[in-house]
Amino acid sequence: MADEKLQIIRHSCAHVMAEAIKNLYPGTKIAIGPAIDNGFYYDFEFTTDTKFTETDFPAVEKEMRKILAGNHDFIRKEVSKEEALKIFADEPYKVELINELESDAVITTYEQDNYIDLCRGPHVANTKEINAQAFKLEKVAGAYWRGDSKRTMLTRIYAVCFAKPAELQDYIKMMEEAEKRDHRKLGQEMDLFHLDPEDPGQIFWHPNGWTIYTVMQDYMRKMVKRDGYQEVNTPAIMPRTLWERSGHWGHYQQNMFITESEKRLFAIKPMNCPGALEIFKNRQRSYKDLPLRLAEFGHDVRNEPSGTLHGVMRVRGFVQDDAHILCTEEQIGPEVAKFCKLLKNVYHDFGFDNLVVKFSTMPEDHVGDLATWERAEKALSDACTQAGLTYEIQPGEGAFYGPKLEFKLYDCIGREWQCGTIQVDYQLPSAERLDATYIGADNQKHHPVMLHRAILGSFERFLGILIENFAGAFPTWLAFEQVAVVPVSNEFDDYAKEINDKLLAADIRANAYLSDDNMKSKIKQISMEHRTPYILVVGEKEKADNSVCVRYRFSSGKPQETLKIDDFIKYVQDKIQTHFIGI
């Protein structure tokens, strides 16, 4: 989120938009309008004869600027519940919110230019603090009231808002660039995957996309094995009784797909942690076995609302680079530090070196007592100190079973992505939950601490981030096609095939283009559809010299050159083995 002052400006601007909507569309009912990253939104129920679309944005923006020009004070008032109900008698969504408050609650309203809203605040002192050229209405979407599909579908208007016009212009340029890089568009152009509206949230990976996916997975498998993890695999469907004991049935059931067999309820796993503990519990463990690091590329399924799905970034079926570390309390610090080192190395290989760490504390919906949570938060805080990490606090954003660190990276156009996470969990292994134990040095039973951790998060989402970060032009080690071999004419197809066979024998992903299309058409297709790092053009001279004419990817700026095939193979192998980000 942006700094506090900017968030106050954004929330105040949301009130101005709500006033403009009420002025232009009498009878519209207002719901909620919070500040969000880069701006704000407000939910409205328009009258049945109003079909609000993005074509209405200019009129709303004009009315907002007219309001801002009036230099109106934001006036805060404290009112009783009874007074609030009278003020908002014609606003059913506000009335619902008021009725949920305690009878003696102190309720605050904010008023500007005769528009009054129910709000905790704070707001700017005067509308002149909102720059009339630094906001822009962005899009319209449908949103169920309070996220409940059984409630009224409202119209949500999103806007972006900044302190200065130049910041808005920078944001607009970034979004224009992001649109060019949209993974859904590139996914189709490069034949990576498709999404079927009949099967929402599930991805059909095509050969090109699946090649990148498996390269990522093989890389992560190698990295975690080197770091002392053992790979496991747990069932896709597990019984309700297990999910009840873990706490997921009571705290996460709305996101679980549930099935029945032989009069028993089962859930398709939305996460892998209970399965990892079942493996730990299968035999008696000793303190000498700890820390035990269990990695699983587990396929999980979550019943995400269809309206929240977004390409491969937000899906229902996905695979995590998941792992669970069972350790003693004294081992938390060293394990967190070890994990952070691994995470930084992995992100570096994918081209991300700029990270931000967020510390998420106990949420309202949690399991376990306060004392245990305080222990867990202190243990994680001490581990951060040991790992040399600085972090920002995110109050109340922890998992229901424990506090967590979130690692956010930045892509090449400055967008923030939350990917890696590590969570300290005293709850799941406890006697009250899944009752995992080990024999300590004192010959007594003890409950281990469980660290939940992921680096990429889901492979699907991370690959979507990579597509957009590289605009489809993947570094050599990740590209689904690393080398394309193009003969100048069909007369040299045999030599092109010979070169291609040598590349394949050297474990380089290559393809010989032997169709009847002319050379220029082939190169254009390869460059635009595949973004292949290297195109080898071969003809009479190359055949005579056992060489290749190397055309580097158009975006690299490197001039073409002629190399012996063995020298070229060594060059490419070095780029692959070192995970070089360029070409």
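Overview of values
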| quantity | calculated |
| --- | --- |
| Selection count, region 393-415, where residues are closer than 14 Å to residue 363 by Cβ, in a loop (DSSP other than H, G, I, E, B) and of a type in the set (A, V, I, L, M, F, W, C) | 1 |
| Those residues of region 360-381 which are of a type in the set (D, E, K, R), open to solvent by 90 Å² or more (accessible area, probe 1.4 Å) and part of a helix (DSSP H, G or I), in sequence order | 374, 375, 378 |
| Residues located in region 145-163, provided they are farther than 20 Å from residue 57 by Cα and either acidic (Asp, Glu) or in contact (Cβ under 8 Å) with a residue 24 or more places away in the chain (or both) | 145, 147, 148, 149, 152, 163 |
| The lone exception for residue 429 - which of (1) in contact (Cβ under 8 Å) with a residue 12 or more places away in the chain; (2) open to solvent by 10 Å² or more (accessible area, probe 1.4 Å) it fails | (2) |
| Subset tally (residues that are in a helix (DSSP H, G or I) and open to solvent by 40 Å² or more (accessible area, probe 1.4 Å)) for region 57-80 | 6 |
| Candidates 561, 529, 542, filtered to the one that is touching a residue at least 24 places away in the same chain (Cβ under 8 Å), farther than 26 Å from residue 191 by Cβ and open to solvent by 20 Å² or more (accessible area, probe 1.4 Å) | 542 |
| Residue count for region 282-330, restricted to those that are acidic (Asp, Glu) and surrounded by fewer than 21 Cβ atoms within 10 Å (Cβ to Cβ) | 5 |
| Residue 260 vs. criteria surrounded by fewer than 19 Cβ atoms within 10 Å (Cβ to Cβ) and closer than 30 Å to residue 199 by Cβ | yes |
| Cβ-Cβ under 8 Å pairs, at least 6 apart or on other chains, region 175-199 side over 15 Å from residue 474 (Cα atoms), far side polar (S, T, N, Q) and part of a helix (DSSP H, G or I) | 194/188 |
| When residues of region 397-415 are limited to those that are more than 19 Å from residue 369 (Cβ to Cβ) and aromatic (Phe, Trp, Tyr), the one surrounded by the fewest Cβ atoms within 10 Å (Cβ to Cβ) | 410 |
| Every residue from region 499-524 that is among the hydroxyl-bearing types (Ser, Thr, Tyr) and buried (at least 17 other Cβ atoms within 10 Å of the Cβ) | 513 |
| Region 280-336: number of residues that are in contact with a strand residue (DSSP E or B) (Cβ under 7 Å, 6 or more places away or on another chain), under 30 Å from residue 156 (Cα atoms) and in a strand (DSSP E or B) | 3 |
| Some residue of region 340-355 being in contact (Cβ under 8 Å) with a residue 40 or more places away in the chain and assigned to a strand (DSSP E or B) | yes |
| Check on residue 496, buried (at least 20 other Cβ atoms within 10 Å of the Cβ), without any contact (Cβ under 8 Å) to a residue 60 or more places away in the chain and farther than 19 Å from residue 555 by Cα | yes |
| Members of region 1-48 that are surrounded by fewer than 22 Cβ atoms within 10 Å (Cβ to Cβ), of a type in the set (Asp, Glu) and either free of Cβ contacts under 8 Å to residues at least 12 places away in the same chain or assigned to a strand (DSSP E or B) (or both) | 3, 4, 45 |
| Flag if residue 390 is assigned to a loop (DSSP other than H, G, I, E, B), under 28 Å from residue 171 (Cα atoms) and β-branched (Val, Ile, Thr) | yes |
| Hey, residue 485 under 13 Å from residue 568 (Cα atoms) and over 36 Å from the mean Cα position of the chain (by Cα) or not | yes |
| Number of the exception - residue 101 against (1) within 27 Å of residue 148 (Cα to Cα); (2) part of a helix (DSSP H, G or I); (3) open to solvent by 20 Å² or more (accessible area, probe 1.4 Å) | (2) |
| Strands (runs of 3 or more DSSP E) within region 104-212 that include 2 or more residues touching a Leu at 6+ places or on another chain (Cβ under 8 Å), open to solvent by less than 30 Å² (accessible area, probe 1.4 Å) and of a type in the set (A, V, I, L, M, F, W, C) | 135-144, 153-161 |
| Filtered residues of region 486-511 (kept if in a strand (DSSP E or B) and within 19 Å of residue 190 (Cβ to Cβ)) | 486, 510, 511 |
| Unmet requirement for residue 250, which otherwise passes all of (1) surrounded by 15 or more Cβ atoms within 10 Å (Cβ to Cβ); (2) of a type outside the set (Phe, Trp, Tyr); (3) under 30 Å from residue 363 (Cβ atoms) | (1) |
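Listed here are the residues, each with its yes/no results for (1) out of contact with any His (no Cβ under 9 Å at 6 or more places or on another chain); (2) aliphatic (A, V, I, L, M); (3) over 30 Å from residue 469 (Cα atoms).
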| residue | (1), (2), (3) |
| --- | --- |
| 355 | yes, yes, no |
| 359 | yes, no, no |
| 367 | no, yes, yes |
| 394 | yes, no, no |
| 399 | no, yes, no |
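The values are calculated or read from the model by the stated rules, or taken from the named source; none is laboratory data. Model, not experiment: these values are computed from the prediction. Please note: Cβ atoms are built from the backbone with ideal geometry, for glycine as well, and neighbour counts cover all protein chains shown. When the accessible area is computed, the model is the full protein with side chains, heavy atoms only, and any ligands, DNA or RNA have been set aside. Shrake-Rupley method; radii C 1.70, N 1.55, O 1.52, S 1.80 Å.
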